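One structure is given below, encoded as structure tokens.
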Amino acid sequence: MDIFVSEPVPYVYWHAVALDTYEDGGWSVAERESVLHIPDDGVINDGFAASRRVITQTVRNYLNNSSTIYGAPALVGSDQQVFVDHATDDQGSLVVQGLRARFVLRAGDRYNVISEISTADEASLRAAPTDYPDWVEDIYLQVPDSITPETKELAAEIMEPYDNVYDQAWAVQEWMRSNISYNDQIDAPPADIEPVHYTLFVSQEAYCTYYASAMTLMLRSQGVPARIVNGYAQGDLVEDANAYRVRANNAHTWVEVYFPQYGWIQFEPTASIPVVV
């Protein structure tokens, strides 16, 4: 796809779907509802998040029979009729997992998508509170019994020097980037070993899904709410067109950490992808 913007933006991802529940080495959604949203309804009620600015993107789709609506996080609207896959927070706002076009998209179709991208700086995120609402604790701190003590101990060791969630998440991100080698040709982990443990302590090689899974479970094990998101990395900027060309090899999975007041903030543990600053 080509994604046109009014001006280049800081490093950006193209969100497809957010996943929250880890079981048997795979990710799914614990609670999913879908609601039809039409353009006349305005933007999606996803609750208030501070330090956000609105951008509109125009997407030229090159896939046949596609339904996924892509855009920078957080997705809040489109000029298409879309199904909003979501959970619901304590105030009745939607926790958006992804958008799907009501009518099939063909190659060459265009659509607009509205996003609220974060402009929060490091100082603000360091000072963010940690009084998480019930809906966050119920879903985004889930750690299955299969996660090994060694994984939890490593997370605690990396995070212990820091007194705020932003620096703790950054420390885990940087440990992953420095200690796990990128390799997109690895075999699946053996059936008798937990995949996150295998990545951290045995193979020490990974591609994006393994990096993101390991970081998310490490953070959760120490009380930091996180999720993984599937979609695409930024792609190549076509400067004279203010467009990003996004190819199949830009498919990517990253980590989002929840900050009260500021919402979901992206982190990048995969060593082959630039860090979000």
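The values are calculated or read from the model by the stated rules, or taken from the named source; none is laboratory data. Note that the coordinates shown come from a computational prediction; the quantities given were computed from them, not determined experimentally. Here the Cβ is made from the backbone with ideal geometry for all residues, glycine too, and neighbour counts use every protein chain on show. Heavy atoms of the whole protein, side chains included, go into the accessibility calculation; ligands, DNA and RNA do not. Shrake-Rupley method; radii C 1.70, N 1.55, O 1.52, S 1.80 Å.
Values computed for the structure shown
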{"read-out": "Largest-first principal axis extents, alpha carbons of region 3-154, Å", "value": "50, 37, 30"}
{"read-out": "Neighbourhood charge, 12 Å Cβ-Cβ cut-off, centred on residue 31 and excluding it, Lys, Arg +1 and Asp, Glu -1", "value": "-4"}
{"read-out": "Backbone N within region 234-277 under 19 Å of label point (7 Å from residue 178 Cα along the Cβ vector)", "value": "267-277"}
{"read-out": "Options 270, 199, 224, ranked by Cα towards positive dipole end of region 188-277, top entry (Cβ charges)", "value": "224"}
{"read-out": "0 to 90° range, to nearest 10: angle between helix 149-159 axis and the chain longest Cα axis", "value": "70"}
{"read-out": "Quotient of Cα Rg and 2.2 N^0.38 Å for region 204-277, N being how many residues it contains", "value": "1.23"}
{"read-out": "Computed [θ] at 222 nm, deg cm²/dmol, the chain (DSSP H ≥ 4; -39,500 (n - 2.57); rounded to nearest 500)", "value": "-5500 deg cm²/dmol"}
{"read-out": "Cβ crowding within 10 Å averaged over residues, with 148-155, 206-213 ranked highest first", "value": "206-213, 148-155"}
{"read-out": "Dimensionless Rg ratio for the chain, taking C-alpha atoms and the 2.2 N^0.38 Å reference", "value": "0.98"}
{"read-out": "Extension gain, residue 130 back to residue 67 (0.36 nm per residue minus Cα-Cα distance, nm)", "value": "19.0 nm"}
{"read-out": "Protein accessible area in the chain, 1.4 Å probe - carbon and sulfur %", "value": "45"}
{"read-out": "Pairs of Cα atoms farther than 18 Å apart, region 147-277, %", "value": "55"}
{"read-out": "FRET efficiency, residue 41 to residue 239 (Cβ-Cβ, R0 22 Å, nearest 0.05)", "value": "0.05"}
{"read-out": "Whole-angstrom gap from region 18-60 to region 160-239, using each part's C-alpha centre", "value": "22"}
{"read-out": "137, 194, ranked by accessible area, largest first (probe 1.4 Å)", "value": "137, 194"}
{"read-out": "Paramagnetic reach from residue 146 (point 7 Å along Cα→Cβ, amide N under 12 Å) across region 187-210", "value": "189-198"}
